[in-house]
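Heads up: the structure comes next, in structure tokens.
Derivation of every value follows stated rules applied to the coordinates shown; laboratory data play no part. The shown structure was predicted, so the numbers you read here are calculated from the model rather than taken from an experiment. Positions of Cβ are backbone-derived with ideal geometry, glycine not excepted, and every protein chain shown enters the neighbour counts.
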Amino acid sequence: MDVVSHAAFTELHRCDSARSPEHAGRLRVLHGAFPEYVHGTPATHEQVCRVHSPGYVAAIEAIDAEVRLDPDTYGVPTTSEAALLATGCAIRAVEIGGFALVRPPGHHALESQAMGFCIFGNVAIAARHAQDELGLERVAVVDFDVHHGTGNGRSGQGREDRTRTPRES
């Protein structure tokens, strides 16, 4: 299985004042373990807006200083660039049947809100891409984090016949 990532993840979306488990060091270690990865490219606004409101995407792009987007999630001037790149890598992984090593992660973000370290719903956007662009009728999202990815579950609402994700209990 091909791994999709980008060297820029070790430099973008860095917040030195935040003590966060979501940091560039994680990708440095993973890139060392998987040095031969496919280089992804940023997602387009059209792709991101399949799951997120245009106003939310514009607000993320407008971040020009360190901010808190929720208790866990920070934003810095390079957050938009990193989030678009992470989403693009997830889309590329779907296209080639690969695995995306990205940051910021993307299974909690809601339509108009960052959540749980996540800016954009990379996973949900990639699933929509699989349906809308690759012609897959149904998509299963297997979220193997320790807890439910809020954004993954909510993004499938209204498309239950085509997208399956575990629901919160």
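A few comments on the model shown:
- Share of alpha-carbon pairs per 10 Å distance bin for the range 1-62, given as whole %: 18, 35, 38, 9
- Neighbour counts of C-beta atoms inside 10 Å place Leu30, Leu134, Leu85 in the sequence Leu134, Leu30, Leu85, starting with the fewest.
- Here the Karplus relation 6.51 cos²θ - 1.76 cosθ + 1.60, evaluated at θ = phi - 60°, turns the backbone of the range 2-15 into coupling constants of 7, 9, 10, 7, 7, 4, 4, 4, 7, 10, 7, 6, 10, 10 Hz, with x for every Gly and Pro.
- Diagonalising the gyration tensor over the Cα atoms of the range 27-98 and scaling each eigenvalue by 5 before taking the square root yields semi-axes of 24, 17, 9 Å, largest first.
- Burial ordering of Thr73, Thr41, fewest other beta-carbon atoms within 10 Å first: Thr41, Thr73
- Note on Tyr74, Tyr37: ascending count of other Cβ atoms within 10 Å places them as Tyr37, Tyr74, the fewest first.
- A full extension of the chain between His45 and Ser20 corresponds to an added length of 6.2 nm, given 0.36 nm per residue minus the alpha carbon distance.
- Dimensions in Å of the range 16-145 - Rg and Dmax from alpha carbons: 14.3, 44
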